[in-house]
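Remarks on the structure that follows.
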Amino acid sequence: MQIYNELNPQQRDAVEHIEGPLLILAGAGSGKTKVITYRISHLIKKGHASPENILALTFTNKAADEMRNRVEKIIGLNGLNRASGCWISTFHSACVRILRRDIDKLGFGRDFVIYDANDSLSLLKGCMKELNISDDLYPPKSIAGRISNLKNELIEKIQNPEDGLQEIINTVYTFYQRRLKENNALDFDDLLMKTVLLFENVPDVLKNYKERFKYLMVDEYQDTNHAQYRLVQILSSGHRNICVVGDDDQCIYQWRGATIRNIMEFERDYPDVKVVKLEENYRSTQNILDAAWAVVSRNLYRKEKKLWTKKSGGGKIFYHRASNEIDEADFITSKIKELCRESRISYSDVAIFYRTNAQSRVLEDSLRREGISYKIYGGLKFFERKEVKDILCYLKIVINPNDSISLKRIINVPVRGIGNATVDKIEQYAKSKGVNLIEAIKELRGQGVKGSRGQGIEAFYNILKKLEAFVTTESASEVIKKTLEISGYLEALKNEKTDEAEDRIENLKELISAAEEYEERTADKSIAGFLDQAALVSDADTISDTSGSVSLMTLHISKGLEFPAVFIAGMEGRIFPHIKSIDSEKEMEEERRLCYVGITRAKERLFLTNAESRRIYGQEMSNPPSEFIEDIPRELINTVDSQQSTVSSQENKKADYAGLRTADSRLLTAYSVGSKVIHPQFGNGIILQKEGLGENLKLTIFFRNAGKKKIAMKHTHLKSI
């Protein structure tokens with residue numbers, strides 16, 4: 001019984017609930033993993049279930065391993081043997097185990113292979129080629145995304161297609177599935193869908209697993225998609241001993257199929273459910289929790305709960321509004337050095353979060369200049385990203401024609417019909433003639449190579465000749481802009497029409513910004529000089545520090561992590577919340593949840609930063625402070641100037657958030673970016689941008705019936721919705 005003394009009353013209530021459905025609403029840092037592992041251990045130790053009667057599902061192998069190890073530790077010395085029959089795994093791993101045993105009943109062999117994303121895309125491209133469907137009109141990645149969405153919704157065929165695109169998707173989807181079966185292969189989405197189909201179509205198989213798994217537990221339930229929801233529903237339909245753990249305030253993956261409805265409507269699905277709220281937080285100070293709640297509590301579609309901690313008070317949240325993105329990055333860097341010098345924390349105790357990957361580049365530059373070791377999670381360093389390296393490789397081979405590595409990387413990027421066999425022939429010819437690859441291409445071109453291969457070689461050679469004409473005469477930023485156009489790289493990405501392609505386009509625009517900043521800092525404005533700098537930035541191996549590395553990541557990746565000190569950069573309207581979200585209340589609610597997640601990663605110190613102007617995506621922006629900063633009560637914030645001193649007596653120094661009077665603060669909150677308003681003439685609209693304060697306040701508003709308008713507040717009357 002001593003181990004149960006480690007649980008607070010709510011945790012223990014959840015652990016000791018045995019029969020019937022259980023919903024555990026576990027706020028950030030409230031000990032949900034402890035509750036799950038103690039509950040599994042309690043079921044086994046008290047004899048309510050054998051290990052093989054328990055199925056616990058989560059989303060990452062790391063989380064599954066942690067749960068398994070904790071269970072074995074709690075059970076005792078013989079834990080490994082006693083808990084070995086317990087299934088604690090990811091959704092996909094559990095589905096693979098089930099399918100390996102019974103997929104033959106669906107016409108597949110049990111020795112099926114699992115295709116990763118690249119394998120699946122290659123197969124899809126082959127299917128489209130066989131069907132004579134144009135890659136240009138219907139980008140394969142876009143089609144792959146649509147097929148993935150259909151599988152997550154357990155849709156095997158679109159019934160009554162509404163347009164030509166849906167008909168094309170239906171045709172490709174059907175043919176793609178046929179080819180998968182011929183190859184005895186499943187893609188990642190199939191693992192869930194085929195398991196559900198197996199259960200729905202083969203009652204004996206379902207009966208076996210329903211009888212075995214008398215207790216079902218699901219972690220991070222707010223992140224489940226429809227296929228996962230259906231899987232859990234089927235398995236628990238007999239015994240109904242289902243326990244789901246999650247936090248609706250941390251549902252931030254709806255863009256990839258997760259649906260918040262699963263956790264919000266759990267009580268409707270199981271009317272006799274017992275609900276336990278875990279609201280005591282063991283991670284953060286009360287000030288941090290109050291700030292997080294102030295942001296997320298504005299959401300209408302959420303369960304009522306509020307985190308609290310026995311760690312009363314805590315330091316205030318620091319807010320800094322920089323003049324530009326470079327000043328913002330330098331401020332963050334200087335504060336990190338100060339923290340590590342004065343607070344006895346190491347670089348590994350510090351994390352910097354941002355909304356989009358393109359924001360990392362200027363932060364990396366600042367950290368590198370100060371010799372601070374850093375590590376990027378969930379992505380490569382800026383100059384190592386594929387699209388950035390591809391464009392730089394075009395320029396490298398023009399400057400240095402002997403660079404065969406760069407040439408082979410982009411000779412068929414974007415696709416121009418030059419395959420590996422052709423590249424091999426070019427290399428062999430170059431070796432036999434003792435020339436570089438560009439000279440070999442020139443000579444082979446002169447020999448009149450025919451067909452699509454010849455056309456591809458001709459097109460590539462012409463691109464290089466066009467680049468040669470200005471690469472030594474134009475500035476670095478102009479060279480990059482022209483390379484994006486002449487190579488066809490930017491056009492190819494635009495034609496993909498996927499979220500991934502849009503991210504890559506943003507990174508390429510950020511590459512232009514990097515070149516422009518390089519030109520401002522140095523007299524040498526050539527592309528050759530910029531390439532040298534880029535090579536140094538990529539050489540991260542030269543940076544080392546015995547006290548660890550600062551962590552850089554997007555806010556989405558930060559979920560599940562914690563750090564003593566957290567910086568959230570780019571807290572501006574149009575950046576965070578993202579501009580794509582401001583005209584949709586559903587998406588704005590997810591942006592608020594994302595902010596809540598970021599704030600609650602901080603244990604002791606939280607810094608929020610933004611900039612008055614920012615060069616990003618290839619353009620200069622002037623954005624107002626994020627409305628999420630406006631949501632946080634004034635008494636929780638210390639505003640810091642560029643010399644890192646607290647500004648408590650300079651409230652009228654700047655016409656920004658730091659200098660708002662009480663009346664202006666109410667006005668700012670009422671008409672924050674993303675807020676919905678009604679205009680007496682134009683009707684319903686949404687605020688896109690704000691300028692000035694008080695009588696000088698001007699709003700840029702998008703009206704549904706009148707388009708975008710810029711309105712001076714003193715000349716009109718708006719009503720907040």
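The values are calculated or read from the model by the stated rules, or taken from the named source; none is laboratory data. Computed from a prediction, not measured in an experiment: that's the story for all the values here. Glycine gets a Cβ as well: all are built from the backbone with ideal geometry, and neighbour counts include every protein chain shown. Each accessible area value is taken on the protein alone, full model and side chains, heavy atoms only, with ligands, DNA and RNA left out. Shrake-Rupley method; radii C 1.70, N 1.55, O 1.52, S 1.80 Å.
What does the charge count around residue 355 come to, taking other residues whose C-beta lies under 15 Å from its C-beta (Lys +1, Arg +1, Asp -1, Glu -1)? Its environment carries a net charge of -4. From most to least packed by mean Cβ count within 10 Å, the peptides 395-401, 108-114 give 395-401, 108-114. Placing dummy labels 7 Å off each Cα toward the beta-carbon, the span from residue 45 to residue 306 is 3.5 nm.
Other residues whose C-beta falls under 12 angstrom from the C-beta of residue 315 contribute a net charge of +3, scoring Lys and Arg +1 and Asp and Glu -1.
Does the stretch 285-352 classify as rounded, prolate or oblate by the C-alpha gyration tensor (a ≥ b ≥ c root eigenvalues; a/c under 1.5 gives rounded; else a/b over b/c gives prolate, otherwise oblate)? Here the stretch 285-352 falls in the oblate category. Karplus-derived 3J(HN,Hα) values for the stretch 162-173, using 6.51 cos²θ - 1.76 cosθ + 1.60 with θ = phi - 60°, are 7, 8, x, 5, 5, 5, 4, 4, 4, 4, 5, 4 Hz; glycine and proline are entered as x. Extension gain, residue 200 to residue 269, is 22.9 nm, computed as 0.36 nm per intervening residue step minus the present C-alpha separation. For the peptides 565-572, 552-559, 261-268, the ranking by mean Cβ contacts within 10 Å, running from highest to lowest, is 565-572, 552-559, 261-268. Taking the DSSP beta bridges with both ends in the chain, the antiparallel portion is around 30 percent.
Quick one: which residues, 5+ away or cross-chain, put their amide H under 5 Å from the amide H of residue 621? H built at 1.01 Å from N. Hits under the 5 Å cutoff: 614, 615, 616. Here's how it looks for residue 135: its modeled amide H is under 5 Å from none belonging to a residue 5 or more places away or on a different chain. Using the Cβ of residue 691 as centre and a radius below 10 Å, the other residues enclosed give a net charge of +3, where K and R count +1 and D and E count -1.
Note on residue 290: accessible area is roughly 40 Å² with a 1.4 Å probe, heavy atoms of protein only.
Solvent-accessible area of the chain (1.4 angstrom probe, protein heavy atoms only): carbon and sulfur portion equals 47 percent.
Computed from the Cβ-Cβ distance with R0 of 35 Å, the FRET efficiency linking residue 156 to residue 298 stands at 0.30. Cα centroid separation, the stretch 272-338 to the stretch 141-202: 41 Å.
Solvent exposure of the chain, expressed per residue, is 44 Å² of accessible area, with all protein chains present and a 1.4 angstrom probe. Counting only DSSP H runs of at least 4 residues, each contributing -39500 (n - 2.57), and dividing by the residue count of the chain, the helix-based mean residue ellipticity at 222 nm comes to -14000 deg cm²/dmol.
I need the chymotrypsin sites (Phe, Trp or Tyr not before Pro) found in the stretch 343-444, filtered to DSSP loop residues with at most 16 other beta carbons within 10 Å of theirs. Don't skip to the answer; put the middle values down first.
On the way: sites: 347, 353, 354, 374, 377, 382, 383, 394, 429; in loops: 377.
Passing both the DSSP loop test and the Cβ count: 377.
Between residue 346 and residue 73, the distance separating the two model label sites (each 7 Å from Cα on the Cα→Cβ line) works out to 2.0 nm.
Under the combined filter of DSSP loop state and at most 11 neighbouring Cβ atoms within 10 Å, the stretch 285-367 retains these trypsin sites (Lys or Arg not before Pro): 310, 344. The Cα atoms of the stretch 555-597 cover 34, 18, 13 Å along the three principal axes, with the biggest extent listed first. Extension gain, residue 386-residue 370: 0.36 nm per intervening residue step, less the Cα-Cα distance, totals 3.1 nm.
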